[in-house]
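Here the structure is laid out as structure tokens; the discussion comes afterwards.
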Amino acid sequence: MARGLGRNAVRQLLGLSVWEIELAATTSLLRRFPDRTFDPVSVRAAEADIEHFRRLLAAERRCTVTEASARLGVSADRFKRITAAVGLAPVATEEIRKYGQTLTVRYYRAADMDALADHVHADAELRAAARAVSRSEAAGKAVQTRKLNLARTVAARAEIETIKPTLDADHVRVLLWTTALIVAADVWPGPLRPLRRMADPRVPPLTEILRAARLSRTELEVMLAELAPRSAELVRLLVSPRDAEQELGVPIEMIPAGLPHFGDHLLAPLLRETVSSPPPWLLRARAEVELQRAVHAEERRAVEEASQRRRAERAAVDQATRVASRLSDESVAELFGIPADVIRQLRPASGRWAADHVAGLLRKTPPWLRDESAARAEADRRRHHNHHRAERKAARRLSWRSLWAEALGIPLDRIPDSVGRPTRAAIEAARREPPRWARETPPG
């Protein structure tokens, strides 16, 4: 077996780079032994016809999608569509980590790319032909559209001349047309700005007619300038729905649709005429409103009476429940085995023995209810406590009365026992406006 040639020796003989030698070995253009040396026979054969070998090597070159699309002069997306259409698969696939993610790189043979040139050329011609046909069809459609738009414009302008109001036309017509002109021209003169808050469903159709006429902004502003002074006068005559309801005495929803109006607003002259001489519809509406008020008042009265009855019934039931839940001193004394005279002195602050309170004492009996001696001791303690508390209260009241007498300069016996604490604010208020007991007793 002949000794193989190393990679550097092959590079010197064939004048190839490292990646070209690896590509030739991968595509079997150069035979490689298991020890990664190269077969001298295949190397000598390549050296004998180096141009042919270079053409074969160039055909085996690996191209990425970006390189292949540039080689064919198309975009990467279009190259992918072409390879999918012809069923061309990549000769190698590699996954690399880049931009923080894993990318799949596909390689294609240069010879396969060159074979697609005719297909790409044919595809380009087909696309160009399709674009030409599309442009031709689009041009025809554009002509038809222009004709249709022109016809619509002519019809809209003719309609405008027909429906355009004059200065002495109906008030509502002038306001509707003015609002449509304002919306179409997108200008809001100061005196006419209140119209922005008055939505009327008859304005949008007029606006569409103005836009279909394709009038310039200058033409719209000229038409608006003719109607603006008259419209400003009419805007001042508009009455808000709330004021109209107060004047007519009926909700705005009950006003007939045939009555001249702009949005929910009425004209003041028409409103005054309607109020001064009520038409039949207004009389019927007022009668209906009064009937509804009477019905609602009766319903409220019935509801209030029912509520009062329920409250009275509930109060009676609560009173009966409280009465039924009270226990006598004798029954409580029998429950705890303590004399009734002692139990009477041990009543709670409410002065009554409620059933819930007694049940709580039975569940958790305090020490002073466990026998008679403890109960009598508790009764004596409470009696002494109440006596001392009364003495402290009397002393405190006497001290307050003394301070009041000293502050106001009046005798102590004129100060009532029920007088409050003599704070600084209370004393100043009493000096500014003395109470009845602090005033001097008239002579005689």
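Here are some notes:
- Of the residues examined, E304 is not one that is surrounded by 10 or more Cβ atoms within 10 Å (Cβ to Cβ) and under 30 Å from T179 (Cα atoms).
- Only one of the numbered conditions (1) more than 60 Å from the chain's Cα centre (by Cα); (2) surrounded by 13 or more Cβ atoms within 10 Å (Cβ to Cβ); (3) assigned to a helix (DSSP H, G or I); (4) touching a residue at least 24 places away in the same chain (Cβ under 8 Å) is violated by R383, and that is (2).
- Filter result for A375 (small (G, A, S) and in a helix (DSSP H, G or I)): yes
- Contact map, segment 189-205: first residue assigned by TED's automatic domain parsing to the domain that holds M223, second residue of a type in the set (F, W, Y) and surrounded by 11 or more Cβ atoms within 10 Å (Cβ to Cβ), Cβ cut-off under 7 Å, separation 6 or more or different chains; pairs are R196/W188; M198/F262; D200/F262.
- Hits in segment 80-94 (condition: over 17 Å from T27 (Cβ atoms) and assigned to a loop (DSSP other than H, G, I, E, B)): G87, L88
- The residues of segment 95-108 that are touching a Leu at 6+ places or on another chain (Cβ under 9 Å) and either in the same structural domain as R55 (by TED's automatic domain parsing) or within 21 Å of T26 (Cα to Cα) (or both), listed by number, are E95, I96, Y108.
- Among the numbered conditions (1) farther than 30 Å from S331 by Cβ; (2) touching a helix residue (DSSP H, G or I) at 6+ places or on another chain (Cβ under 6 Å), the only one that A374 does not meet is (1).
- Filter result for R173 (in contact (Cβ under 8 Å) with a residue 60 or more places away in the chain and either in a helix (DSSP H, G or I) or more than 18 Å from P269 (Cβ to Cβ) (or both)): no
- Checked against (1) within 14 Å of L210 (Cα to Cα); (2) more than 46 Å from the chain's Cα centre (by Cα), N149 passes all but condition (2).
- Among the conditions (1) at pLDDT 80 or above; (2) assigned to a helix (DSSP H, G or I); (3) surrounded by 10 or more Cβ atoms within 10 Å (Cβ to Cβ); (4) out of contact with any strand residue (DSSP E or B) (no Cβ under 9 Å at 6 or more places or on another chain), the only one that E161 does not satisfy is (3).
- For segment 220-235, the set of residues classified as surrounded by fewer than 14 Cβ atoms within 10 Å (Cβ to Cβ) and either touching a residue at least 40 places away in the same chain (Cβ under 8 Å) or not β-branched (V, I, T) (or both) consists of A225, P229, E233, listed by residue number.
- Helices (runs of 4 or more DSSP H) wholly inside segment 7-74 that include at least 2 residues being free of Cβ contacts under 8 Å to residues at least 60 places away in the same chain and over 24 Å from E95 (Cα atoms): 7-14, 40-48, 50-59
- Flag for R157 being basic (K, R), outside the structural domain of A212 (by TED's automatic domain parsing) and in contact (Cβ under 8 Å) with a residue 24 or more places away in the chain: yes
- Positions within segment 95-146 being touching a strand residue (DSSP E or B) at 6+ places or on another chain (Cβ under 8 Å) and not polar (S, T, N, Q), in sequence order: E95, I96, R97, L103, V105, R106, Y107, Y108, R109, A110, M113
The values are calculated or read from the model by the stated rules, or taken from the named source; none is laboratory data. Worth saying up front: this structure is predicted, and the values here are computed from it rather than measured. FYI the Cβ positions are ideal-geometry reconstructions off the backbone, even for glycines, and counts take in every protein chain you see.
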